[in-house]
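What follows is a single structure, written as C-alpha coordinates, with notes after it.
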Amino acid sequence: MTEMTASVTAARPPSDITKRSLPASLIIHALLIAASLLMLYPLLWMVSASVRPENEIFSSTSLIPSSIDFSSYARGWVGLDVSFGRFFWNSLVISLLVVTGNVIACSLTAFAFARLRFAGRNFWFAIMLGTLMIPYHVTLIPQYVLFLDLGWVNTILPLVVPKFLASDAFFIFLMVQFFRGIPRELDEAAMMDGCSAWRIYWKIMLPLSLPVLATAAIFSFIWTWDDFFGPLIYLNDMNTYTIQLGLRTFVDSTSASDWGGLFAMSTLTLVPVFFFFLFFQRLLIEGIATTGMKR
(Lines give C-alpha, C1' and ligand atoms only; values in the text may rest on other atoms or scores of the structure.)
Protein backbone atom coordinates (compact mmCIF):
# COMPACT_ATOMS: atom_id res chain seq x y z
CA MET A 1 0.00 0.00 0.00
CA THR A 2 2.84 2.36 0.85
CA GLU A 3 4.61 1.59 -2.41
CA MET A 4 1.38 2.25 -4.35
CA THR A 5 0.93 5.65 -2.60
CA ALA A 6 4.52 6.58 -3.36
CA SER A 7 4.15 5.62 -7.00
CA VAL A 8 0.94 7.68 -7.32
CA THR A 9 2.66 10.69 -5.74
CA ALA A 10 5.64 10.29 -8.05
CA ALA A 11 3.36 9.98 -11.06
CA ARG A 12 1.44 13.16 -10.19
CA PRO A 13 2.43 15.85 -12.68
CA PRO A 14 4.50 18.71 -11.22
CA SER A 15 2.08 21.20 -12.78
CA ASP A 16 -0.45 20.44 -10.02
CA ILE A 17 2.04 21.42 -7.36
CA THR A 18 3.04 24.52 -9.32
CA LYS A 19 -0.58 25.61 -9.79
CA ARG A 20 -1.31 25.05 -6.13
CA SER A 21 1.62 27.25 -5.02
CA LEU A 22 1.18 29.90 -7.72
CA PRO A 23 -1.28 32.15 -5.78
CA ALA A 24 0.93 32.13 -2.68
CA SER A 25 3.98 32.88 -4.81
CA LEU A 26 2.21 35.81 -6.48
CA ILE A 27 1.16 37.24 -3.11
CA ILE A 28 4.69 36.96 -1.72
CA HIS A 29 6.23 38.59 -4.79
CA ALA A 30 3.64 41.39 -4.72
CA LEU A 31 4.44 42.11 -1.06
CA LEU A 32 8.18 42.10 -1.75
CA ILE A 33 7.78 44.47 -4.70
CA ALA A 34 5.62 46.81 -2.60
CA ALA A 35 8.19 46.80 0.21
CA SER A 36 10.98 47.49 -2.29
CA LEU A 37 9.11 50.44 -3.78
CA LEU A 38 8.44 51.77 -0.29
CA MET A 39 12.16 51.68 0.54
CA LEU A 40 13.14 53.15 -2.81
CA TYR A 41 10.62 55.97 -2.63
CA PRO A 42 12.91 58.49 -0.81
CA LEU A 43 15.68 57.86 -3.35
CA LEU A 44 13.32 58.17 -6.31
CA TRP A 45 11.79 61.32 -4.82
CA MET A 46 15.25 62.87 -4.47
CA VAL A 47 16.03 62.14 -8.13
CA SER A 48 12.66 63.59 -9.12
CA ALA A 49 13.20 66.68 -6.95
CA SER A 50 16.54 67.32 -8.65
CA VAL A 51 14.77 68.02 -11.97
CA ARG A 52 11.75 69.90 -10.59
CA PRO A 53 11.37 73.68 -10.67
CA GLU A 54 12.49 75.22 -7.39
CA ASN A 55 8.97 76.23 -6.31
CA GLU A 56 7.58 72.69 -6.75
CA ILE A 57 10.11 70.69 -4.75
CA PHE A 58 8.18 70.57 -1.47
CA SER A 59 4.70 71.16 -2.87
CA SER A 60 4.07 67.58 -4.02
CA THR A 61 4.95 64.03 -3.01
CA SER A 62 4.51 62.71 -6.54
CA LEU A 63 7.46 61.14 -8.31
CA ILE A 64 6.46 62.64 -11.66
CA PRO A 65 7.40 66.33 -11.99
CA SER A 66 5.09 68.71 -13.84
CA SER A 67 8.09 69.85 -15.91
CA ILE A 68 11.72 68.80 -16.17
CA ASP A 69 14.36 71.40 -15.37
CA PHE A 70 18.06 70.48 -15.32
CA SER A 71 19.21 73.93 -14.26
CA SER A 72 19.64 72.67 -10.68
CA TYR A 73 22.58 70.51 -11.82
CA ALA A 74 24.37 73.41 -13.48
CA ARG A 75 23.60 75.73 -10.56
CA GLY A 76 24.72 73.17 -7.98
CA TRP A 77 27.95 72.36 -9.82
CA VAL A 78 29.20 75.95 -10.07
CA GLY A 79 26.93 77.81 -7.64
CA LEU A 80 29.33 77.76 -4.68
CA ASP A 81 32.60 79.61 -4.20
CA VAL A 82 34.37 76.38 -5.09
CA SER A 83 33.25 74.13 -7.93
CA PHE A 84 31.55 70.94 -6.80
CA GLY A 85 33.98 69.08 -9.02
CA ARG A 86 36.66 69.99 -6.48
CA PHE A 87 34.66 68.29 -3.74
CA PHE A 88 34.27 65.22 -5.94
CA TRP A 89 38.01 65.09 -6.55
CA ASN A 90 38.85 65.45 -2.85
CA SER A 91 36.43 62.67 -1.87
CA LEU A 92 37.69 60.41 -4.64
CA VAL A 93 41.34 60.86 -3.63
CA ILE A 94 40.62 60.27 0.06
CA SER A 95 38.38 57.25 -0.63
CA LEU A 96 40.88 55.56 -2.96
CA LEU A 97 43.74 56.13 -0.53
CA VAL A 98 41.66 54.70 2.32
CA VAL A 99 40.75 51.66 0.22
CA THR A 100 44.42 51.10 -0.65
CA GLY A 101 45.53 51.50 2.95
CA ASN A 102 42.86 49.19 4.37
CA VAL A 103 43.41 46.45 1.81
CA ILE A 104 47.20 46.43 2.17
CA ALA A 105 47.62 47.04 5.91
CA CYS A 106 44.67 44.96 7.11
CA SER A 107 45.56 42.00 4.88
CA LEU A 108 49.17 42.03 6.14
CA THR A 109 48.01 42.17 9.76
CA ALA A 110 45.41 39.47 9.20
CA PHE A 111 48.01 37.23 7.54
CA ALA A 112 50.26 37.62 10.57
CA PHE A 113 47.47 36.69 13.00
CA ALA A 114 46.18 33.81 10.87
CA ARG A 115 49.42 32.21 9.66
CA LEU A 116 52.50 33.36 11.59
CA ARG A 117 53.46 32.20 15.05
CA PHE A 118 54.89 34.83 17.39
CA ALA A 119 54.89 35.55 21.11
CA GLY A 120 51.66 37.00 22.41
CA ARG A 121 49.71 36.43 19.19
CA ASN A 122 46.45 35.55 20.94
CA PHE A 123 46.86 38.41 23.41
CA TRP A 124 47.37 41.04 20.71
CA PHE A 125 44.54 39.58 18.68
CA ALA A 126 42.24 39.96 21.70
CA ILE A 127 43.45 43.54 22.18
CA MET A 128 42.72 44.23 18.51
CA LEU A 129 39.19 42.86 18.86
CA GLY A 130 38.73 44.94 22.02
CA THR A 131 39.22 48.13 20.01
CA LEU A 132 35.94 47.33 18.22
CA MET A 133 34.12 48.06 21.49
CA ILE A 134 35.64 51.52 21.96
CA PRO A 135 33.40 54.30 20.61
CA TYR A 136 35.03 56.61 18.09
CA HIS A 137 34.18 59.66 20.22
CA VAL A 138 36.34 58.36 23.09
CA THR A 139 39.52 58.58 21.04
CA LEU A 140 38.51 61.68 19.05
CA ILE A 141 40.07 64.32 21.30
CA PRO A 142 43.43 62.51 21.85
CA GLN A 143 43.69 61.89 18.11
CA TYR A 144 42.87 65.50 17.29
CA VAL A 145 45.51 66.75 19.75
CA LEU A 146 48.07 64.37 18.22
CA PHE A 147 47.31 65.43 14.65
CA LEU A 148 47.28 69.09 15.69
CA ASP A 149 50.77 68.74 17.18
CA LEU A 150 51.92 67.05 13.97
CA GLY A 151 50.52 69.92 11.91
CA TRP A 152 48.16 67.64 10.00
CA VAL A 153 44.91 69.50 10.73
CA ASN A 154 43.30 70.96 7.59
CA THR A 155 44.95 68.25 5.48
CA ILE A 156 43.78 64.81 4.39
CA LEU A 157 46.54 63.07 6.38
CA PRO A 158 44.44 62.40 9.54
CA LEU A 159 41.83 60.72 7.34
CA VAL A 160 44.29 58.60 5.34
CA VAL A 161 47.46 57.79 7.30
CA PRO A 162 45.78 55.73 10.09
CA LYS A 163 44.34 53.42 7.42
CA PHE A 164 47.88 52.46 6.37
CA LEU A 165 48.53 51.45 10.00
CA ALA A 166 45.75 48.82 10.08
CA SER A 167 43.42 50.86 12.28
CA ASP A 168 40.19 49.13 11.13
CA ALA A 169 39.89 46.08 13.36
CA PHE A 170 36.68 44.97 11.64
CA PHE A 171 38.46 44.29 8.33
CA ILE A 172 41.35 42.56 10.11
CA PHE A 173 38.95 40.20 11.86
CA LEU A 174 37.09 39.58 8.59
CA MET A 175 40.29 38.70 6.75
CA VAL A 176 41.63 36.56 9.57
CA GLN A 177 38.52 34.40 9.44
CA PHE A 178 38.84 34.09 5.66
CA PHE A 179 42.56 33.25 5.79
CA ARG A 180 41.91 30.53 8.35
CA GLY A 181 39.61 28.84 5.84
CA ILE A 182 42.44 28.47 3.32
CA PRO A 183 44.17 25.05 3.73
CA ARG A 184 47.51 25.23 5.52
CA GLU A 185 48.85 22.54 3.20
CA LEU A 186 49.38 25.28 0.61
CA ASP A 187 51.65 27.17 3.01
CA GLU A 188 53.57 24.02 3.92
CA ALA A 189 54.08 23.06 0.28
CA ALA A 190 55.31 26.57 -0.51
CA MET A 191 57.72 26.51 2.45
CA MET A 192 59.13 23.19 1.26
CA ASP A 193 59.81 24.88 -2.07
CA GLY A 194 61.73 27.62 -0.28
CA CYS A 195 59.08 30.38 -0.19
CA SER A 196 59.37 32.98 2.54
CA ALA A 197 56.40 34.24 4.57
CA TRP A 198 56.25 37.37 2.43
CA ARG A 199 56.14 35.35 -0.77
CA ILE A 200 53.43 33.07 0.63
CA TYR A 201 51.38 36.15 1.44
CA TRP A 202 51.93 37.76 -1.96
CA LYS A 203 51.77 34.72 -4.25
CA ILE A 204 49.27 32.46 -2.45
CA MET A 205 47.13 34.25 0.11
CA LEU A 206 46.29 37.40 -1.82
CA PRO A 207 45.23 35.69 -5.09
CA LEU A 208 43.01 33.30 -3.12
CA SER A 209 41.54 36.14 -1.04
CA LEU A 210 40.20 38.41 -3.76
CA PRO A 211 36.57 38.06 -2.55
CA VAL A 212 37.31 39.23 1.01
CA LEU A 213 39.62 41.96 -0.30
CA ALA A 214 36.83 43.17 -2.59
CA THR A 215 34.42 43.17 0.35
CA ALA A 216 36.83 45.29 2.39
CA ALA A 217 37.37 47.62 -0.56
CA ILE A 218 33.62 48.12 -1.13
CA PHE A 219 32.84 48.92 2.49
CA SER A 220 35.91 51.12 2.86
CA PHE A 221 34.96 53.15 -0.19
CA ILE A 222 31.30 53.54 0.76
CA TRP A 223 32.02 54.43 4.41
CA THR A 224 34.69 56.96 3.44
CA TRP A 225 32.65 58.45 0.62
CA ASP A 226 29.69 58.96 2.97
CA ASP A 227 31.75 60.10 5.96
CA PHE A 228 30.74 63.51 7.27
CA PHE A 229 32.07 63.66 10.81
CA GLY A 230 35.75 63.00 10.07
CA PRO A 231 36.15 65.68 7.38
CA LEU A 232 34.09 68.08 9.51
CA ILE A 233 36.63 67.77 12.34
CA TYR A 234 39.87 67.95 10.37
CA LEU A 235 39.10 69.99 7.22
CA ASN A 236 38.59 73.74 7.59
CA ASP A 237 39.51 75.12 4.19
CA MET A 238 36.72 74.96 1.62
CA ASN A 239 39.20 73.85 -1.04
CA THR A 240 39.80 70.68 0.96
CA TYR A 241 36.11 69.86 1.57
CA THR A 242 34.70 66.48 0.63
CA ILE A 243 31.31 66.09 -1.06
CA GLN A 244 29.51 65.63 2.26
CA LEU A 245 30.77 68.97 3.54
CA GLY A 246 30.06 70.47 0.12
CA LEU A 247 26.44 69.31 0.31
CA ARG A 248 26.11 70.91 3.73
CA THR A 249 27.00 74.32 2.29
CA PHE A 250 23.80 74.31 0.20
CA VAL A 251 21.73 74.59 3.40
CA ASP A 252 22.08 77.86 5.28
CA SER A 253 20.03 78.53 8.40
CA THR A 254 20.57 82.29 8.16
CA SER A 255 19.69 82.80 4.49
CA ALA A 256 18.07 81.08 1.51
CA SER A 257 18.94 77.44 0.85
CA ASP A 258 19.41 76.03 -2.62
CA TRP A 259 17.35 72.85 -2.30
CA GLY A 260 17.38 72.16 -6.02
CA GLY A 261 21.16 72.25 -6.17
CA LEU A 262 21.35 70.13 -3.02
CA PHE A 263 19.17 67.36 -4.45
CA ALA A 264 20.94 67.53 -7.82
CA MET A 265 24.40 67.14 -6.29
CA SER A 266 23.11 64.48 -3.88
CA THR A 267 21.96 62.49 -6.90
CA LEU A 268 25.37 62.82 -8.53
CA THR A 269 27.16 61.66 -5.38
CA LEU A 270 25.41 58.28 -5.66
CA VAL A 271 26.91 57.57 -9.09
CA PRO A 272 30.51 56.70 -7.97
CA VAL A 273 29.22 54.44 -5.19
CA PHE A 274 26.94 52.65 -7.63
CA PHE A 275 29.68 52.02 -10.19
CA PHE A 276 32.23 51.02 -7.52
CA PHE A 277 29.82 48.42 -6.17
CA LEU A 278 28.94 47.30 -9.69
CA PHE A 279 32.61 46.80 -10.53
CA PHE A 280 33.27 44.59 -7.48
CA GLN A 281 29.87 42.89 -7.40
CA ARG A 282 31.09 39.65 -8.98
CA LEU A 283 33.87 39.25 -6.42
CA LEU A 284 31.49 40.05 -3.58
CA ILE A 285 29.00 37.39 -4.67
CA GLU A 286 31.84 34.95 -5.26
CA GLY A 287 33.04 35.54 -1.69
CA ILE A 288 29.60 34.80 -0.27
CA ALA A 289 29.28 31.64 -2.41
CA THR A 290 32.80 30.46 -1.54
CA THR A 291 32.18 30.98 2.17
CA GLY A 292 29.01 28.95 1.95
CA MET A 293 30.85 25.98 0.40
CA LYS A 294 33.62 25.84 3.01
CA ARG A 295 33.58 22.96 5.44
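The values are calculated or read from the model by the stated rules, or taken from the named source; none is laboratory data. Not measured: the values here are computed from a predicted model. Note that we place each Cβ from the backbone using ideal geometry, even for glycine, and neighbour counts take in every protein chain shown. The protein model used for the area step is the full one, side chains on, heavy atoms only, and it has no ligands, DNA or RNA in it. Shrake-Rupley method; radii C 1.70, N 1.55, O 1.52, S 1.80 Å.
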Checklist outcome for this item: Yeah, region 189-289 with a ≥ b ≥ c from its alpha-carbon gyration tensor (a/c under 1.5 is rounded, else prolate when a/b outruns b/c, oblate otherwise) is prolate
Checklist entry - How would you rank 169-177, 81-89, 146-154, highest first, on the average number of other Cβ atoms within 10 Å across their residues? => result 169-177, 81-89, 146-154
Checklist entry - Among the helices of the chain (complete DSSP H runs), which have Cα atoms covering no less than 24 Å along the helix axis and a Kyte-Doolittle mean of at least 1.0? => result 14-49, 84-115, 259-293
Checklist entry - Relative to the compact globular guide of 2.2 N^0.38 Å, what is the alpha carbon radius of gyration of region 23-170, as a ratio? => result 1.62
Checklist outcome for this item: With a 1.4 angstrom probe the carbon and sulfur portion of accessible area for the chain, in percent, totals 70 percent
Checklist entry - Where does the chain land at 222 nm, in deg cm²/dmol rounded to the nearest 500, when only DSSP H runs of n ≥ 4 count, each adding -39500 (n - 2.57), divided by all residues? => result -22500 deg cm²/dmol
Item to check | Contour excess over end-to-end distance, with Cα ends at Ala74 and Trp198 and 0.36 nm allotted per residue | outcome: 39.6 nm
Next on the checklist: As an exercise, identify the chymotrypsin sites (Phe, Trp or Tyr not before Pro) in region 90-137 lying in DSSP coil whose Cβ has no more than 10 other Cβ atoms within 10 Å.
Outcome noted: Phe118
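With a cut-off of 8 Å between alpha carbons and a minimum separation of six or more residues, what is the relative contact order of the chain in percent?
28 percent
Going by a ≥ b ≥ c, the root eigenvalues of the Cα gyration tensor, does the chain fall in the rounded group (a/c under 1.5), the prolate group (a/b larger than b/c) or the oblate group?
oblate
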Item to check | Accessible area per residue in Å² at 1.4 Å probe, computed on region 123-245 | outcome: 56 Å²
Item to check | More than 16 Å apart - percent of Cα-Cα pairs taken over region 94-156 | outcome: 66 percent
Checklist outcome for this item: From highest to lowest solvent-accessible area (probe 1.4 Å; ligands, DNA and RNA excluded), Ile27, Ile94 read Ile27, Ile94
Checklist outcome for this item: For region 152-291, the dipole about the Cα centre with charges only on Cβ (Lys and Arg +1, Asp and Glu -1), to the nearest 20 debye, works out at 200 debye
Next on the checklist: With a 1.4 Å probe and all protein chains kept in place, how much accessible area does His29 have, in Å² rounded to the nearest 10?
Outcome noted: 110 Å²
Checklist outcome for this item: Scoring region 107-228 by relative contact order with C-alpha pairs under 8 Å, at least six apart, yields a percentage of 37 percent
